[in-house]
Amino acid sequence: MTDESTEHVPPVSTISVVGVQFRYAGAVHDFDAGALPLQCGDRVVVQVNRGTSLGTVTVAPRPVDASECAGMPRVVKRADHREFAREEANLRRAAEAQRICAHRIHERRLAMKLIKAECVFDASKMIFYFFAEARVDFRDLVRDLAQTLHTRIEMKQIGNRDETKLLGGVGPCGRELCCSSWLREFSSVSVKMAKEQGLSLNPSKLAGMCGRLKCCLRYEYETYLELGRALPPVGHTVESVKGNGVVTRHNILKQTVMIRREEDGLDVEAHLEDLVAKKAP
């Protein structure tokens, strides 16, 4: 028997959405894939604010409620040999523009270091990334470059971390830098993270290729905090089967503490199960 009181629920309309990346280890942006049968690794032409751009599909198509995708930019097409040829031409043009810009900066003795030149996909604009310790008046430089290259010029000042991400390199661990290989966003890193992990506070060992604190200092930080909560704080007096005394040091990974015994002043290592009770500090 049909329940006439049951309301008819309209079907939910969905669209196919893919994640597209424009630069290796860069941010991933969502685009409406329409009816295109795309998969990870496909090169695609997509709509962007400045026209069209060439990117790589890094997140496979997934259904998303159409109501959540209002105004989402679309994937125009899967790239073919014409787009690849344009990309190669843009790379050659950017390399020549970088050479010219570096020469102009040297001529004007500007206090700035040119990092990279980038030509947008439709060749309507050239972007120059540079590093400088302070503000630089580059208005004459921009006018000169615009007349020489016959295109719009944009100058972007970047920091130490962004410079290293663009240039890439190999870290002291022997692997390619995290920022240039897979790390998409920078997070804040502090000396406190090194202290919590018992690392040496030698600046030369804590600094990465960019001269800032290494991004990897935060990878295991939360784990060390979680493990450290189970251990009595340094400076507290504890009772243990190995003798009573004051906690002088932690070994977080082994989950042990060093206790300076009251009776003889010797340091002994005790596991958590060796502790009988805690006394007030």
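The values are calculated or read from the model by the stated rules, or taken from the named source; none is laboratory data. Quick caveat: nothing in here was measured; it's all calculated off a predicted structure. With ideal geometry, Cβ positions are generated from the backbone for all residues, glycine too; neighbour counts draw on all protein chains shown. Areas reflect the complete protein model, heavy atoms only, side chains present, ligands, DNA and RNA absent. Shrake-Rupley method; radii C 1.70, N 1.55, O 1.52, S 1.80 Å.
Every helix of 4 or more DSSP H residues in the chain counts as -39500 (n - 2.57), and over all residues that averages to -7000 deg cm²/dmol at 222 nm. Helix 139-149: angle to the longest alpha-carbon principal axis of the chain, degrees 0 to 90, nearest 10? Roughly 50 degrees between the two axes. Hand me the trypsin sites (Lys or Arg not before Pro) from segment 26-83 located in a DSSP loop with no more than 16 other Cβ atoms within 10 Å, in residue order please. Answer by residue number: 50. Among the listed options (1) 19.0, 62; (2) 22.7, 86; (3) 28.7, 88, the one matching Rg and Dmax of the Cα atoms in Å as calculated from these coordinates is (3). Segment 193-221 and segment 120-191 have Cα centres separated by 24 Å.
The trypsin sites (Lys or Arg not before Pro) of segment 88-178 that DSSP puts in a loop, and whose beta carbon has at most 10 other beta carbons within 10 Å, are 109, 135, 175. Across segment 135-247, the relative contact order, built from alpha-carbon pairs under 8 Å that are at least six residues apart, equals 16 percent.
Looking at segment 40-140, the GluC sites (Glu not before Pro) that sit in a DSSP loop and have at most 16 other Cβ atoms within 10 Å of their own Cβ are 133. Sorted largest first by accessible area at a 1.4 angstrom probe radius, with every protein chain in place, the residues 24, 129, 219 fall in the order 24, 219, 129.
Taking only protein heavy atoms and a 1.4 Å probe, the accessible area of segment 37-112 is 51% carbon and sulfur. Rounded to the nearest Å, what's the spacing between the alpha carbon centres of segment 227-247 and segment 10-41? Just the number, please. After rounding, the separation between the Cα centres reads 54 Å. At a probe radius of 1.4 angstrom, the accessible area of the chain per residue rounds to 62 square angstrom. Divided by 2.2 N^0.38 Å, where N counts the residues, the Cα radius of gyration of segment 70-223 comes to 1.31.
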